[in-house]
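Enquirer: There's a structure below that I have some questions on.
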Amino acid sequence: MVSHHIIILVYEFVVHNSQLAKRELKKTLEMVSHVSIKLASERVNHSVASNNDPPRFYTPGEVITGIQDFMRGHGTYAEDDCLKASVAGVMQKVNKLICIRPLKSRYVGEIGDVVVGRVLEVQQKRWKVDTNSRLDSILQLSSVNLPGGELRRRSEEDEQMMRKHLQEGDLISAEVQNVFSDGSLSLHTRSLKYGKLSQGTLIKVFPSLIKRRKNHFHNLPCAVSVIIGNNGYIWISPHKSDILMEGNKDAIENYEIQPVGKSERETMARVKNCILALVASKMMLDDTSIMFAFEESLKYDNVKELLDPEAMLDVAFLTQHRINIIAEE
């Protein structure tokens, strides 16, 4: 009699566990259905270069050439009458000047650069800002616009209100005002186009992929604004109205609490995925390349499709083709 009870209990245990196993298997299959699994040999090559010859890659300490023939540039040093690489990267030669450009590096700021940064700490009369450089950047209280654009000396009351103006975690756009001897940057946000950023999304790319231009603030035809920071931080947001650009305090506060519509979010997500596609193919980023990529991506109805390696390569290849056509004209 006892053995029968044991058999029944074992049977119920097996049935119960088999149902649990079926549910777990079903969940796993649903998760796997959204994952693309491929062999390493079948991975997509994101290269869209016109020539198939990859550039010569130099490692630290490797001899580049004789020092008597060329001038020493960034990423190089002289030793034993030879010019050697001090970083891992590819060579750039301008006349007799030789430089080694590292494939991955921190941002090295220059005066006048437009940057996007995140406030790390509120200190006495200044903010500490992350700008993707080796050292944290500094934003002085005297280098920001007061509410309403008022021009006057900063008081103790202004210092006490610093955290209401910018607090830890806030994103800002700014301009490099000065570069200190240790390489750290001093920023300013005195112009109305600079300041706190809200209602958008941030993308981080390699600073070497950002083209230096006179203007880094762009209002794209797709009703999206893009700030392409020289430091590799790119900010995407809905297009701001003229009232906001004039610095109206009430309008700005109202804008920051307004929800972003679904169509605007989808457009911003499409622009972001287009930038990721260009970055995957190591293409230079500016308003032209981003807009070309956006136009080429419209054939993909679902924004998620742009995250597939094949779609990313397709968008990048067509964008590079359009850029080559313009360059040939």
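Enquirer: Which residue is modelled with the highest pLDDT, if the candidates are limited to the range 81-91 and must be in a strand (DSSP E or B) and farther than 12 Å from PHE70 by Cα? Reasoning before the result, please.
Expert: Let us first name the residues in the range 81-91 that are in a strand (DSSP E or B), namely 82-85, 89-91.
Okay, now just the ones that are also farther than 12 Å from PHE70 by Cα, so 85, 89-91.
On the way: ALA85: 91, GLY89: 86, VAL90: 84, MET91: 85.
Filtering the range 81-91 for residues that are in a strand (DSSP E or B) and farther than 12 Å from PHE70 by Cα, the one modelled with the highest pLDDT comes out as ALA85.
Enquirer: Another question about this same structure. Name the residues in the range 281-302 that are closer than 24 Å to ASN215 by Cα and among the hydrophobic types (A, V, I, L, M, F, W, C), would you?
Expert: Selection gives MET283, MET284, LEU285, ILE290, MET291, PHE292, ALA293, PHE294.
Enquirer: Taking ASP250 as the residue in question, decide whether it is modelled with pLDDT under 85, charged (D, E, K, R) and on the phi < 0 side of the Ramachandran plot. Even if it seems obvious, please write down each step before you answer.
Expert: Details: modelled with pLDDT under 85: yes; charged (D, E, K, R): yes; on the phi < 0 side of the Ramachandran plot: yes.
So ASP250 passes the test.
Enquirer: Looking at the range 182-209, which of its residues are in contact (Cβ under 8 Å) with a residue 60 or more places away in the chain, farther than 18 Å from LYS104 by Cα and assigned to a strand (DSSP E or B)?
Expert: Of everything in the range 182-209, those that are in contact (Cβ under 8 Å) with a residue 60 or more places away in the chain, farther than 18 Å from LYS104 by Cα and assigned to a strand (DSSP E or B) turn out to be LEU185, LEU187, LEU197, THR201, LEU202.
Enquirer: If you don't mind, there's one more thing I want to ask. In contact with a strand residue (DSSP E or B) (Cβ under 8 Å, 6 or more places away or on another chain), over 25 Å from GLY195 (Cβ atoms) and surrounded by fewer than 19 Cβ atoms within 10 Å (Cβ to Cβ) - does that describe any residue in the range 257-274?
Expert: no
Enquirer: Between GLY109, GLY169, which is part of a loop (DSSP other than H, G, I, E, B), surrounded by fewer than 18 Cβ atoms within 10 Å (Cβ to Cβ) and either under 20 Å from the mean Cα position of the chain (by Cα) or not polar (S, T, N, Q) (or both)?
Expert: Matching residue, one of GLY109, GLY169: GLY169.
Enquirer: Could you grab me the full set of residues in the range 279-316 that are in a helix (DSSP H, G or I), touching a residue at least 24 places away in the same chain (Cβ under 8 Å) and closer than 16 Å to THR201 by Cβ?
Expert: If the condition is that a residue be in a helix (DSSP H, G or I), touching a residue at least 24 places away in the same chain (Cβ under 8 Å) and closer than 16 Å to THR201 by Cβ, then VAL279, ILE290, PHE294, VAL303, LEU306, LEU307 are the ones that fit.
Enquirer: Taking GLN140, is it open to solvent by 30 Å² or more (accessible area, probe 1.4 Å), of a type in the set (S, T, N, Q) and part of a loop (DSSP other than H, G, I, E, B)?
Expert: Spelling it out, it is not the case that GLN140 is open to solvent by 30 Å² or more (accessible area, probe 1.4 Å), of a type in the set (S, T, N, Q) and part of a loop (DSSP other than H, G, I, E, B).
Enquirer: For residues that are open to solvent by 10 Å² or more (accessible area, probe 1.4 Å) and not in a loop (DSSP other than H, G, I, E, B), scanning just the range 115-131, find the one that is nearest to TRP235 (Cα to Cα).
Expert: Among residues in the range 115-131 that are open to solvent by 10 Å² or more (accessible area, probe 1.4 Å) and not in a loop (DSSP other than H, G, I, E, B), the one nearest to TRP235 (Cα to Cα) is ARG118.
Enquirer: Collect the residues in the range 194-239 that are of a type in the set (D, E, K, R) and surrounded by 16 or more Cβ atoms within 10 Å (Cβ to Cβ), keeping them in residue-number order.
Expert: LYS196
Enquirer: Output the number of residues of the range 172-193 satisfying the condition of being buried (at least 17 other Cβ atoms within 10 Å of the Cβ) and out of contact with any Ser or Thr (no Cβ under 8 Å at 6 or more places or on another chain).
Expert: So the answer is 0.
The values are calculated or read from the model by the stated rules, or taken from the named source; none is laboratory data. All values derive from a computational prediction rather than experimental measurement. Backbone-built Cβ (ideal geometry, glycine too); neighbour counts: all protein chains shown. Just the protein is used for accessible areas: all its heavy atoms, side chains included, with ligands, DNA and RNA removed. Shrake-Rupley method; radii C 1.70, N 1.55, O 1.52, S 1.80 Å.
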